1. Could you say which residue among Thr500, Thr549 is open to solvent by 40 Å² or more (accessible area, probe 1.4 Å) and either within 16 Å of ligand 1 (Cβ to nearest atom) or out of contact with any helix residue (DSSP H, G or I) (no Cβ under 7 Å at 6 or more places or on another chain) (or both)?
2. What do you reckon, is Asp485 out of contact with any Leu (no Cβ under 9 Å at 6 or more places or on another chain) and either at pLDDT 90 or above or away from ligand 2 (no atom under 16 Å from the Cβ) (or both)?
3. Report yes if Ser224 is more than 16 Å from ligand 1 (Cβ to nearest atom) and within 24 Å of Phe112 (Cβ to Cβ), otherwise no.
4. Taking only segment 609-623 into account, find how many residues are touching a helix residue (DSSP H, G or I) at 6+ places or on another chain (Cβ under 7 Å) and closer than 26 Å to Ile681 by Cβ.
5. Which is more than 16 Å from ligand 2 (Cβ to nearest atom), surrounded by 20 or more Cβ atoms within 10 Å (Cβ to Cβ) and either part of a helix (DSSP H, G or I) or touching a residue at least 24 places away in the same chain (Cβ under 8 Å) (or both), of Leu138, Leu119?
6. Which condition from (1) part of a strand (DSSP E or B); (2) open to solvent by less than 10 Å² (accessible area, probe 1.4 Å) is the one that Pro221 breaks?
7. On the basis of being farther than 24 Å from Asn678 by Cα and either touching a helix residue (DSSP H, G or I) at 6+ places or on another chain (Cβ under 9 Å) or of a type outside the set (Val, Ile, Thr) (or both), does Met604 make the cut?
8. Looking only at segment 525-546, which residues are charged (D, E, K, R), closer than 27 Å to Asp656 by Cα and crowded, with 17+ Cβ neighbours inside 10 Å?
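The values are calculated or read from the model by the stated rules, or taken from the named source; none is laboratory data. Since we're looking at a predicted model, the values are computed, not measured. As a convention, Cβ positions derive from the backbone with ideal geometry for all residues, glycine included, and neighbour counts pool all protein chains shown. The accessibility values were calculated without ligands, DNA or RNA, using every heavy atom of the protein model including side chains. Shrake-Rupley method; radii C 1.70, N 1.55, O 1.52, S 1.80 Å.
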Amino acid sequence: MNAADIRKKFLEYFEKKNHTIVESSPMTPKDDPTLLFTNAGMVQFKKLFLGQEKRDYSRATTSQKCLRVGGKHNDLENVGRTARHHTFFEMLGNFSFGDYFKEDAIKFCWEFLTEELKLDKERLYITIYKDDDEAGELWKTVAGVPAERIFKLGEKDNFWSMGDTGPCGPCSEVHFDQGEHVGCGPDCGIGKCDCDRYLEIWNLVFMQYDQAEDGTRSDLPRPSIDTGMGLERIAAVCQGVASNYETDLFQSIIQYTADLAGVKYRENEEIDTALQVIADHSRAIAFLIPDQVLPSNEGRGYILRRLIRRAYRFGKLMGLEGSFLWKTASKVVEDMADHYPELKESEDFMIKVVKGEEEGFAKTLDKGLEMLEDELTELKKTGVAIVPGETTFKLYDTYGFPIDIVRDIAEKQDMDVDEPEFEALMQEQKTRSKAAWKGSGEKDVASIFQTLLEQDVTCEFSGYETMIEQSEIAYLLEMDGTVVDTLLEGSTGWLVAKTTPFYGESGGQLGDTGEIAASSGKAIVLDSVKPSQKLTAHKITVAEGDMKTGESCFLNVDRSQRLATMRNHTITHLLHAALQTVLGDHAKQAGSLVGPDRLRFDFMHIQSLTDEEIAQVEAIVNQNVLDAIPVERNVMSIEEAQSKGATALFGEKYGDTVSIIEVPGVSMEFCGGTHLDNTGIAGSFVITSEAGVAAGVRRIEAATGGNATQYLNDRRTAVAEAGAMLKAQPAELPGKVKALQQQVKDMAKEMKSLQAKLASGAGRDMLSELEEINGVKVLAVELEAPNMGVMLEQMDALRSKIDSGIICLVANHGDGKVSVALAVTKDLHDRFKAGDLIKPVAGEVGGGGGGRPDMARAGGSDASGIPNALAKIKELVAG
Ligand SMILES: [Zn+2]
Ligand SMILES: [Zn+2]
């Protein structure tokens, strides 16, 4: 019997016993930010057990995807080295929510094991909680287990609780005897040793008490059942193999990897470990990525990163070249997609993510290994056998080295790792980046309304049809959830009406705001929330008079806010569809937020969007708006919705009937939100930003309707301002800016050469070249200057330094351009005039010019004549 058969048999058996087969929830629990990963079948039913939620079934069965990493036993290190430690595993379970209790739970369990799986009754042993005589009796009477095979254990082994308070109760476990040869010796026995002989295969939890804060336990009104049986273990038992890795669940992938590496399984212990690590981690990787976990440096993403890196390194040790994990993870998809179709849907995306991570890691691995080896050598020299936490942390921080790798390497050299110090450093870093991990961020309003939820209080939602409604105030609560009769003027609290048109925040759509008016008072609705599927509550501030329970009231939604929200919500659906059209099917929604002012949409995609892609997405959505397509809302069964191909959102839980929002021909999604009647009402759509929020997740922010107009108006104003500054029409702006940029570039270049030339000129004391000819001071020099302007500046500087004289400057600008500048001080004007002198001088450089008596300039074209020109001026003065 292969594992898939066992899984199928289990679900079908319980379906026959009137259990609803419920799909596995994602491994990333949405409602429970305290939990990193789903680690048991009951996680998705937690609110049912707590009485905070009701569903249409009271019996359920699942095969739940689970992940366990870390914890006090540091599981990850053991994974791959033992027969039964895994990160990813499947948990088979049956659940009763106040329906059947111990007797049926025991009966079903026994019947399934002995009649469906045909396990040998003689090899099954039972443990019960020491005070649970009831369970002991039932195992004897219902299952016929002899007293000598029922063992009583203490609180540590056989008592379960959800937390410090809340539901709890005794458990009962079924053990399978693998035979004496597996045992650990004469003291081997249930509850006595830790060996594998008596293998625990199924745990039944009898939730029958409610534990109060002071530790006292009262009976739960409706006791419940939660059971769990690891598929990997029961498959090993059914297939008669000693290790889970020898079951078909792992063998297929182990064989595949062994072929890739050109090695054989069960020939060498180290190779076996490597193969087992890769098999285990490949399963986790293949399942985590479709559940929207992506490699990162914190939280869930860090666990995934560690798994990829650890497996990668074990592959290297075994001689695998290049990136290979994406292949082994693909093999998992091939093996498991029958029961978990989400694996196939995200396979291309998963491959890209894994490949990218492998390639990135390969680059840093060598560097990190080198650094670690150096460090270990140094430590050994000094006789220290402990790798400091600082080293481990640095490797982690700089090279992304998981501590597991450091530990593996250190261990081989008989060294320890200072883990407390490492943990302390990690903790410091975590505190620094605390803001990054806030769980799923959903408001936990359920606990405020615990009292109402326990009484099954509901409130009919009329907001699909209307935005104003007459109803009655059913409950008033203070902010902390205390139920009161009256809320006084000025106070803030919660109001629950019998019916309401206000939409309570859920599914990414923010809660409605507005007004509630009663005969004795009026309240402003600040927010609306949904503590449960069927209950909406309003956060209010009493603005006038008092609000009193039992009074009739008018509930009035702020229409313009709601309409703006609906524009954003309907457009979000169109955007989701357009992204999949332009980018591919992998571009699935990873989160969204719609309110009156904005629309935020997160989706799975690796690269940033190109300008063309953004333009395409905008064009498609705007076409859908222009086409003015009627939006339909239909309520149907989940099965019907799925058969129609409606898109269920990741990780969302749905009741038996679901609301489907359809924009015919464009989009069909499970959605409980409020929507436009027609896409045309959205008016317009514009993407305002596109950015990455995490590895593999992009975020688009966009505006619709009046917000889009406002956004475009702001842009227009900015363009107009820029146009006015540049004296250009909007269409001319790019050309103008380009020309300006070129100008700035040219000027910078010129300035640089100018500075160089000035620097060379500055080093020369030209006044020292002053001669006296015929009683007149004469300075005649050639200098470096890029143009006449610079020459004239030089001329000014020189003139200010002499009282009387004649200065003649000549410069060669290159390209056959020569300039001459000539100055004569006033006292000499009766003998010499600059305008007269310049003509013969310029003539020597092939040019001409003229000017006033004090100052003249000329241009020339023959640089070879410069010495003659300088000689000419002296000649002229000498007479
Ligand atoms: Zn033992
Ligand atoms: Zn929606």
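1. Thr549
2. Spelling it out, it is not the case that Asp485 is out of contact with any Leu (no Cβ under 9 Å at 6 or more places or on another chain) and either at pLDDT 90 or above or away from ligand 2 (no atom under 16 Å from the Cβ) (or both).
3. For Ser224, the condition - more than 16 Å from ligand 1 (Cβ to nearest atom) and within 24 Å of Phe112 (Cβ to Cβ) - is met.
4. Looking only at that region, the number is 4.
5. The unique qualifying residue is Leu138.
6. With (1) part of a strand (DSSP E or B); (2) open to solvent by less than 10 Å² (accessible area, probe 1.4 Å) applied to Pro221, the lone miss is (2).
7. Numbers: farther than 24 Å from Asn678 by Cα: yes; either touching a helix residue (DSSP H, G or I) at 6+ places or on another chain (Cβ under 9 Å) or of a type outside the set (Val, Ile, Thr) (or both): yes.
Taking the combined requirement at face value, the residue satisfies it.
8. Scanning segment 525-546 gives a single hit, Lys530.
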